[in-house]
1. Tally up the residues in the stretch 97-116 that are part of a helix (DSSP H, G or I) and touching a helix residue (DSSP H, G or I) at 6+ places or on another chain (Cβ under 8 Å), please.
2. Quick check on my filter: what residues within the stretch 1-23 are over 15 Å from residue 108 (Cβ atoms) and in contact with a strand residue (DSSP E or B) (Cβ under 8 Å, 6 or more places away or on another chain)?
3. Look at residue 42 and say whether it is within 14 Å of the chain's Cα centre (by Cα), under 14 Å from residue 121 (Cα atoms) and at pLDDT 95 or above.
4. Name the helices (runs of 4 or more DSSP H) wholly within the stretch 1-96 that hold at least 2 residues that are in contact (Cβ under 8 Å) with a residue 24 or more places away in the chain, over 19 Å from residue 114 (Cα atoms) and touching a helix residue (DSSP H, G or I) at 6+ places or on another chain (Cβ under 8 Å)?
5. Take the conditions free of Cβ contacts under 8 Å to residues at least 60 places away in the same chain and over 24 Å from residue 38 (Cα atoms) and apply them to residue 111. Does it pass?
């Protein structure tokens, strides 16, 4: 687990702080962006092992950003996990159709969050 880089794209400061704290306690390196455009730029610059993408972002939304990432040959190999508080029926399917490898609903379960993230990293090709 140590040494893995995770890019968190989240516009809510409290959610970002919670995710950052949980991941850093598990020895992940965390990079943060508060909008999709900045996140895509950071993905190019830092080539993280995983992206946690908030679905509801200002400007470009998370699912559109994921589609953009998948079209980009330089960063399309980076798995994206959708994270959203609008967990309605069909949202998981929409995230997967957009190219996300997984889906985590908010509020996140602090007891299982790191295990969920680790599971996605463990299955990364």
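1. Of all residues in the stretch 97-116, those part of a helix (DSSP H, G or I) come to 97-98, 113-116.
Then keep just the ones that are touching a helix residue (DSSP H, G or I) at 6+ places or on another chain (Cβ under 8 Å); that gives 98, 113-114.
Here the count works out to 3.
2. Passing the criteria: 3, 4, 5, 7, 11.
3. no
4. Ranges flagged: 36-46, 62-71.
5. Details: free of Cβ contacts under 8 Å to residues at least 60 places away in the same chain: yes; over 24 Å from residue 38 (Cα atoms): yes.
Taking the combined requirement at face value, the residue satisfies it.
Residue-by-condition table, conditions (1) within 10 Å of the chain's Cα centre (by Cα); (2) closer than 22 Å to residue 122 by Cα; (3) surrounded by 14 or more Cβ atoms within 10 Å (Cβ to Cβ):
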| residue | (1), (2), (3) |
| --- | --- |
| 7 | yes, yes, yes |
| 17 | no, no, no |
| 22 | no, yes, yes |
| 27 | no, yes, no |
| 34 | no, no, yes |
| 37 | no, no, yes |
| 50 | yes, yes, yes |
| 65 | no, no, yes |
| 68 | no, no, yes |
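The values are calculated or read from the model by the stated rules, or taken from the named source; none is laboratory data. In this text the structure is predicted, and so the values were computed from the model without any measurement. Cβ atoms come from the backbone with ideal geometry, glycine included; neighbour counts cover every protein chain shown.
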